[in-house]
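The next block holds one structure in the form of structure tokens; read it before the comments.
The values are calculated or read from the model by the stated rules, or taken from the named source; none is laboratory data. Note that the coordinates shown come from a computational prediction; the quantities given were computed from them, not determined experimentally. Counting neighbours? That spans all protein chains shown, and the Cβs are built from the backbone with ideal geometry, glycine included.
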Amino acid sequence: MRVAVFLPNWIGDVVMATPAIRALRKLVGPDGQLIGLMRPYVADVLAGTSWLDAQIIYGKPPSRFRVAAPEVYQQLRAERLDRAVLLTNSMRTAWIAWRSGARERIGYAGEGRSWLLTKRVPPRAKSDGVPLSTIDGYMRLTEAAGCEPEPPRLELFTTPADERAADAVWQQLKLPPGNEVVILNSGGAYGAAKLWPAEYFAELARRIVDRRGEKLSVLVNCGPAEREIAREVAARAGSSRAVSLADVEKLPIGLTKACVRRARMLVTTDSGPRFLAIAFGKPVVTLFGPTDPAATATHYEREMSLSLALDCQPCMERTCPLVHHRCMRDLTVDQVYAAVVDGLDAA
């Protein structure tokens, strides 16, 4: 059996897809082929795993009149696919799947793309109208493709290069062993509505490094576009044991994976690093503002999800439509630190 899996674009969604990828690996068996179609950075998230036999990387189309480069269609057709399973929900990827020549094309119905699919799965909603979590929605697609049920455990691995990069960071920033490091992740590519104020993160960092009975350090994580926020948090914390990745020259996804894997725990907004921590079995405190905790429920006992459950939540907007941003600003440092203490005690 030769199966292509069309992988999501968001880092967190890719990690939530790992149970589905495992299920598809078992479906094709040792003699079959599982091919992943993905954006370039998705390959970095999955680096170190062994589920895929081949990867087809596709970026932005060469022109606005094309859905994908001709080479993408050529590579897919050359695989002589039996099935294509679309974990994506766009017209673009449904069109690519149709052009691939796969005899069966399984994906979510709707979005005007149902005619391009041979098996249509209802969008992620339970019969009572409550949305299925992303993980469970992906598993529904794989079961429609013939897979056996798979435990919803998220899973990732690092590469030797990832670990060497983290070793260099630990040396550059003079960090102690990982069980003495708490990572704070203040950013989020989704938009400003997800952000917890930098001054709150700084106060949280101060409390963590001052925690009695332990000599903990704080590492503020960031991506290339979040360096200023990370630098501000570390500076405001005012401690030599609160440092950031802001001045590290290169910030690949693999480095973040390796840093999270070796740390004690993670405190984060609802963004990609949240799922990295879960995949590596770390305690994680997740701060929810505009997004819905139920939509990305992870079935993970060591995650502490904090949300004020205001009347305006979840709005799912990238910036606060009411301007006040109370969903994050009213979430206090006291509340978050209490969850951190619980996580540290249980780690």
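How many of the residues in region 158-176 are surrounded by fewer than 18 Cβ atoms within 10 Å (Cβ to Cβ) and in contact with a Phe, Trp or Tyr (Cβ under 9 Å, 6 or more places away or on another chain)?
So the answer is 1.
Leu37 - would you say it is in contact with a Lys or Arg (Cβ under 8 Å, 6 or more places away or on another chain) and within 30 Å of Ala294 (Cα to Cα)?
no
Taking region 13-35 only, how many residues are of a type in the set (Gly, Ala, Ser) and either surrounded by fewer than 23 Cβ atoms within 10 Å (Cβ to Cβ) or assigned to a strand (DSSP E or B) (or both)?
Total meeting the criteria: 2.
Checking the condition in the same structural domain as Val340 (by TED's automatic domain parsing) and surrounded by 20 or more Cβ atoms within 10 Å (Cβ to Cβ), which residue from Ser239, Ser271 passes?
Ser271
Looking only at region 242-261, which residues are in contact with a strand residue (DSSP E or B) (Cβ under 8 Å, 6 or more places away or on another chain) and either surrounded by fewer than 20 Cβ atoms within 10 Å (Cβ to Cβ) or hydrophobic (A, V, I, L, M, F, W, C) (or both)?
Answer for region 242-261, where residues must be in contact with a strand residue (DSSP E or B) (Cβ under 8 Å, 6 or more places away or on another chain) and either surrounded by fewer than 20 Cβ atoms within 10 Å (Cβ to Cβ) or hydrophobic (A, V, I, L, M, F, W, C) (or both): Ala242, Val243, Leu245, Ala246, Cys259, Val260.
Test of understanding: among Glu214, Glu199, Glu203, Glu228, which residue is surrounded by fewer than 24 Cβ atoms within 10 Å (Cβ to Cβ), outside any helix (DSSP H, G or I) and not β-branched (Val, Ile, Thr)?
Step by step, each of Glu214, Glu199, Glu203, Glu228 is checked, and only Glu214 is surrounded by fewer than 24 Cβ atoms within 10 Å (Cβ to Cβ), outside any helix (DSSP H, G or I) and not β-branched (Val, Ile, Thr).
Just one of the numbered conditions (1) without any contact (Cβ under 8 Å) to a residue 12 or more places away in the chain; (2) hydroxyl-bearing (Ser, Thr, Tyr); (3) surrounded by 23 or more Cβ atoms within 10 Å (Cβ to Cβ) is not true of Ser186; which one?
(1)
Going by the structure shown, is Val267 in a helix (DSSP H, G or I), within 18 Å of Ser186 (Cα to Cα) and not polar (S, T, N, Q)?
No.
Just to verify a result, which residue in region 272-313, among those that are assigned to a loop (DSSP other than H, G, I, E, B) and within 26 Å of Pro176 (Cα to Cα), is nearest to the chain's Cα centre (by Cα)?
Phe280
Where in region 44-160 are there helices (runs of 4 or more DSSP H), lying wholly inside it, with at least 3 residues that are hydrophobic (A, V, I, L, M, F, W, C) and closer than 30 Å to Thr256 by Cβ?
Qualifying helices (runs of 4 or more DSSP H): 134-144.
Quick grid of which residues meet (1) in contact with a Pro (Cβ under 6 Å, 6 or more places away or on another chain); (2) of a type in the set (D, E, K, R); (3) over 24 Å from Ala168 (Cβ atoms):
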site: Asp210; (1), (2), (3): no, yes, yes
site: Gly213; (1), (2), (3): no, no, yes
site: Ser239; (1), (2), (3): no, no, no
site: Ala242; (1), (2), (3): no, no, no
site: Gly254; (1), (2), (3): no, no, no
site: Thr286; (1), (2), (3): no, no, yes
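Residue under question is Trp10, and the condition is that it be touching a residue at least 40 places away in the same chain (Cβ under 8 Å) and surrounded by fewer than 20 Cβ atoms within 10 Å (Cβ to Cβ); does it hold?
Yes; evaluated as a whole, the condition is true for this residue.
Counting just the residues of region 321-347 that are part of a loop (DSSP other than H, G, I, E, B) and either on the phi < 0 side of the Ramachandran plot or among the polar types (S, T, N, Q) (or both), which one comes out surrounded by the most Cβ atoms within 10 Å (Cβ to Cβ)?
For region 321-347, the residue satisfying everything is Leu331.
Is it the case that Ala246 is on the phi < 0 side of the Ramachandran plot and outside any helix (DSSP H, G or I)?
So Ala246 passes the test.
Scan region 103-143 for residues that are among the hydrophobic types (A, V, I, L, M, F, W, C), at pLDDT 95 or above and surrounded by fewer than 17 Cβ atoms within 10 Å (Cβ to Cβ) and jot them down.
Trp115
Yes/no matrix, rows are residues, columns are (1) in the same structural domain as Gly272 (by TED's automatic domain parsing); (2) farther than 26 Å from Gly254 by Cβ; (3) buried (at least 20 other Cβ atoms within 10 Å of the Cβ):
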| residue | (1), (2), (3) |
| --- | --- |
| Leu37 | no, no, yes |
| Leu46 | no, no, yes |
| Trp51 | no, no, no |
| Pro61 | no, yes, no |
| Val72 | no, no, yes |
| Arg80 | no, yes, no |
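Can you confirm whether Ser271 is under 30 Å from Lys215 (Cβ atoms), in contact with a helix residue (DSSP H, G or I) (Cβ under 9 Å, 6 or more places away or on another chain) and not acidic (Asp, Glu)?
Yes; evaluated as a whole, the condition is true for this residue.
Taking the options Val243, Val323, Val285, Val260, name whichever one is out of contact with any Phe, Trp or Tyr (no Cβ under 8 Å at 6 or more places or on another chain) and in contact (Cβ under 8 Å) with a residue 60 or more places away in the chain.
Among Val243, Val323, Val285, Val260, only Val243 is out of contact with any Phe, Trp or Tyr (no Cβ under 8 Å at 6 or more places or on another chain) and in contact (Cβ under 8 Å) with a residue 60 or more places away in the chain.
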